[in-house]
Amino acid sequence: MSVHDVAAYLAQLQRAQTSRRNGLAGMATSKLHKLTYFCQAYHLAWTGEPLFAEEVLAAASGPVIAEFFEHHKDMVMVESWPTGDSAVMSADQRNVIASLAESYSFSTGMNMGEEARDHLPWKRAWQARTEETPRPVISHEDMRRYYRTLSDAPKGKQAYAERFWDRYADTTKL
């Protein structure tokens, strides 16, 4: 599967959300780009397998997919992605993508880029840049491990304390 197939499905989901919410029919290309990254990262975390074949690179704006960027660099919004075919996806792949599209439905591309730049996979790759490689690859393994850990992390201080209670509590004094 290609990043273009993922983009086609995300555009399709955006059109469906638009009809339910009376919002904009299109999606900003910056959001579409960052959302494809999060789809790849979480698919790796949840299934152990990449969602698409193209490499994700660390750029100053956050994660980018060079082959994908070339198709939207002159656009601001897209309503469809004719380069891709969402029919090639499995139900599980569609579920991952739909879950993330819903989770990020009110986020902007700028917010998503800031979030990704705060995460370790982008930071590790960005630190590895050189003059010869100004946009290093964000490794699948870094994405898989980080986003798996993020998915498993407890929400809030109380949940964190309850999850690790047995590890740190001296139960002999209770």
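Of the residues Asp85, Asp74, which single one is more than 20 Å from Arg144 (Cα to Cα) and at pLDDT below 90?
Asp74
List every residue pair whose Cβ atoms lie under 8 Å apart, where the two residues are 6 or more positions apart in sequence or sit on different chains, the first residue falls within the stretch 143-156 and is within 14 Å of His43 (Cβ to Cβ) and open to solvent by less than 60 Å² (accessible area, probe 1.4 Å), and the second residue, located anywhere, is assigned to a helix (DSSP H, G or I) and among the polar types (S, T, N, Q).
These pairs meet every condition: Met143/Gln40.
For Phe38, indicate whether it is part of a helix (DSSP H, G or I), touching a residue at least 24 places away in the same chain (Cβ under 8 Å) and surrounded by fewer than 21 Cβ atoms within 10 Å (Cβ to Cβ).
Judged against the criteria, Phe38 is not a match.
Need pairs with beta-carbon distance below 6 Å; first residue farther than 10 Å from Leu32 by Cα and open to solvent by 20 Å² or more (accessible area, probe 1.4 Å) and within the stretch 4-17, second modelled with pLDDT under 85 and part of a helix (DSSP H, G or I); sequence gap 6+ or separate chains.
That search, which allows pairs on different chains as well, returns nothing.
If Ala91 meets every condition in (1) over 22 Å from Ala59 (Cα atoms); (2) surrounded by 15 or more Cβ atoms within 10 Å (Cβ to Cβ); (3) of a type in the set (A, V, I, L, M) apart from one, which number is that one?
Result: Ala91 passes all but (2).
Is it the case, given these coordinates, that Val64 is touching a Ser or Thr at 6+ places or on another chain (Cβ under 8 Å), hydrophobic (A, V, I, L, M, F, W, C) and modelled with pLDDT of 90 or more?
no
Identify, please: which residue in the stretch 150-174 is among the polar types (S, T, N, Q) and over 17 Å from Leu100 (Cβ atoms) and is, among those, modelled with the highest pLDDT?
That would be Gln158.
Given the criterion more than 17 Å from His4 (Cα to Cα) and open to solvent by 60 Å² or more (accessible area, probe 1.4 Å), identify the matching residue among Glu79, Glu132, Glu55.
Sole residue among the options that is more than 17 Å from His4 (Cα to Cα) and open to solvent by 60 Å² or more (accessible area, probe 1.4 Å): Glu132.
Taking the residues in the stretch 24-35 that are more than 18 Å from Ser86 (Cβ to Cβ) and not polar (S, T, N, Q) as candidates, determine which candidate is surrounded by the fewest Cβ atoms within 10 Å (Cβ to Cβ).
So, considering only residues that are more than 18 Å from Ser86 (Cβ to Cβ) and not polar (S, T, N, Q), the one surrounded by the fewest Cβ atoms within 10 Å (Cβ to Cβ) is Leu24.
The values are calculated or read from the model by the stated rules, or taken from the named source; none is laboratory data. Predicted model only: the values in this text are computed from it and were never measured. Using ideal geometry, Cβ is built from the backbone for each residue, glycine included, and neighbour counts are taken over all protein chains shown. Heavy atoms of the whole protein, side chains included, go into the accessibility calculation; ligands, DNA and RNA do not. Shrake-Rupley method; radii C 1.70, N 1.55, O 1.52, S 1.80 Å.
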